[in-house]
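Contents: one structure, followed by commentary.
Laboratory data are not the source of any read-out in this text; all were calculated from the coordinates shown. In this text the structure is predicted, and so the values were computed from the model without any measurement. Ideal geometry is used to build each Cβ from the backbone, glycine not excepted, and the neighbour counts take in all protein chains shown.
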Amino acid sequence: MNDHEVPPPEALRAAMVDRLREMGAVRSDQVAMAIGTVPRHLFAPNESLTDAYTATSTLETKRDEQGVAVSTVSAAHIQAMMLEQAQVEPGMRVLEIGSGGYNAALLAELVGPSGEVTTVDIDPDVVDRARDCLRAAGYERVNAVLADAEEGVPAHAPYDRVIVTAGAWDIPPAWWDQLTGDGLMVVPLRMRGLTRNIVFARDGDRLVSREYELSTFVAMRGVGAPDERLLQLDGDDVKLRLDGNHPVDVERLRAALAQPRIEAWSGITAAGDGRFDGLNLWWALHLPEFAVIDAKKTAVERGVVAHAWPLGVPAVVGADSIAYLGLRGVTPDRSTCEYGVYGHGPNARTLIDRAIQLIRSWDGSSLDARFTAYPAGTPDDQLPAGLVLDKRHTRVVLSWPGPEGRAEEAGSTE
Ligand SMILES: C[S@@+](CC[C@H](N)C(=O)[O-])C[C@H]1O[C@@H](n2cnc3c(N)ncnc32)[C@H](O)[C@@H]1O
C-alpha cells in the first residue's frame, strides 16, 4: 500500500477501537465489539473514510438557518463513553433520544437479537436519514420514530435504558415513567450553562446519580428546549450563556469587557489535570448571577479574554461588570495550578472578591458531586441536604458526600 492509499474500513475501524481504548473511552469488550462491528462510514456517507473513523470527530448532519449545528453523529469517543456509562446488556429494551443512526446501530449490537432499540428524533430529515443509513447497514430492526421526545415513546416502553443524546435542560416525567424500576438513564443535563453527562438510577420516585462525565451536546429542541440565552459580548468571538430570565444589560457588559482586565489569585491550588469541574458546579449553584463564557481562540489572541476553555469558562455577571475563573500553573509543568479570578468593569473588584471567597470555601478534596432528581413540587423538607436547582419538572439536588460519605455508601452496598 502506498502512502496515499486509505486502508479499508475494517482496518480503520479496528484502529479506531484501539485509539478509543487508549483514550479510556472504551473499557469493555462488549463496547469494543459493537464499535468494531458497525460500519460507521455508512452513517456518514458525505465524509471521507478517514474522518468517519477519527475517534474524536463529530460528523455534522444538519445546521439551522443561523448556521448552528442542530444534528450530528456524535464523536465516537463520546458515544463510547455513554455506552460504557449505560452498561447495556443483551436482551434489554433501550430508548435513544436524538437519532443519527450510528449510535442506535451500536445499541442494536449490544442488546442483540432478543433486545429492542428505539430511537426518536424531532426532525423528519434526521429520522429519514437515520432510517436510510440503518437500512443500508443492515439494522432495519431498530425502531426510528419521529416525535418530540418530551413524551418519550410510549409505544415501545418500558425501557431498561434511556440514553439521551441532546443537551437536556430538564428530565420530563415521561422519561421516568417509561423507565423500568431498576433501569438506568444517561442524560447530558444542562445546569446553568454547564453540562454533566449523568447516569441516574431509579430509586422509588427519585433518580440518584451513579457517576458523571463532562460533555457538551447540541441542545434539545421543541417543548423541552433549554431555558437559556446566548448573548454576544464581542461579536461571535465571546458569548455569554445564561440560564432563565436573569436580567442583564448586554450593552453595559459589552462595555465592561472592553475595559482593562484586573485579576486576583486565591492561594488555593489543585492538580492541573483538568478535573476541577466540582468547583464550576459549586460556583454555578452558589452564585445566582452565574453564567458561562464561550470564547474563541481569536478572542484570546486579541486580548479580549484571558483564556477560552472547550466547555466554557465559569463566570459571574453584575449590572455593569463581569468576572470569570482563572487557572495558572504554579509549577513549571503545570501539574499544580492556582485558581484565580479575572474581572472587567467598574464593579469588577466586588465580583472578584465574592468569587475568590467562594473558591476558598470550596472543599477541593471532594471532587465528585452527587445529583438527586425529584419531581417538581417535592417539598423542601423531603429533599436531602444540598444545593437545589429548580427546573420545570424536576428539582435537582447537588451534594458532595466527601470521603466519609463515600465510605458510608460503599459500606451500605455490601
Ligand atoms: C447529537 S444528535 C444525536 C446523535 C445520535 N445519537 C448519534 O447517532 O450520534 C442530537 C439530536 O437530538 C435531536 N433532538 C433535539 N431535540 C429533540 C427532541 N425534543 N426530541 C427528539 N429529538 C430531539 C436533534 O434533532 C438531533 O438530531
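General remarks:
- 14 Å reach of a label modelled at Ala255, 7 Å along Cα-to-Cβ, counting backbone N of the stretch 294-315: none
- Over the chain, relative contact order from alpha-carbon pairs under 8 Å, at least 6 apart, %: 10 percent
- Counting every other Cβ atom within 10 Å of each residue's Cβ, Cys133, Cys337 order from fewest to most as Cys337, Cys133.
- Under the criterion of Cα pairs below 8 Å and six or more residues apart, the relative contact order for the stretch 9-224 equals 15 percent.
- Loop-located GluC sites (Glu not before Pro) in the stretch 270-338 (DSSP state other than H, G, I, E, B) with a sparse environment of at most 11 neighbouring Cβ atoms within 10 Å are absent.
- Length gained on full extension, Ser361 to Met33, computed as 0.36 nm times the residue gap minus the Cα-Cα distance: 113.5 nm.
- Sorted ascending by nearby beta carbons within 10 Å, beginning with the fewest, Lys62, Lys239, Lys297 become Lys297, Lys62, Lys239.
- Distance from the alpha carbon centroid of the stretch 65-83 to that of the stretch 164-200 works out to 17 angstrom.
- In the distance distribution for the chain, Cα-Cα pairs more than 35 Å apart total 32 percent.
- Of the GluC sites (Glu not before Pro) in the stretch 179-242, not one is in a loop by DSSP (not H, G, I, E or B) with at most 16 other beta carbons within 10 Å.
- Dividing the helix sum by the residues of the chain, where each DSSP H run of 4 or more adds -39500 (n - 2.57), gives a mean residue ellipticity at 222 nm of -8000 deg cm²/dmol.
- Dipole magnitude (debye, nearest 20) for the chain, charges at Cβ of Lys, Arg, Asp, Glu: 760 debye
- Spin-label model, Arg354/Val330: points 7 Å from Cα along the beta carbon direction are separated by 2.6 nm.
- Kirkwood Rh and Cα Rg combined as Rg/Rh, the stretch 245-313: 0.97
- Of every Cα-Cα pair in the stretch 65-212, the percent that sits beyond 20 Å: 44 percent
- Highest-fluctuation residue, Trp283, Trp265, Trp309 considered, GNM on the chain with Cα pairs under 10 Å: Trp309
- For the stretch 90-122 and the stretch 207-246, distance of Cα centres in Å: 26 Å
- In nm, spacing of pseudo-spin labels at Arg63 and Arg135 (7 Å Cα→C-beta vector): 2.9 nm
- The length gained by stretching the chain between Thr298 and Leu387 to full extension, at 0.36 nm per residue less their Cα-Cα distance, is 28.4 nm.
- Selection of GluC sites (Glu not before Pro), the stretch 84-188, meeting DSSP coil and at most 13 other Cβ within 10 Å: Glu140
- Distance between the 7 Å Cα→Cβ label points at Asp380 and Gln232: 4.2 nm.
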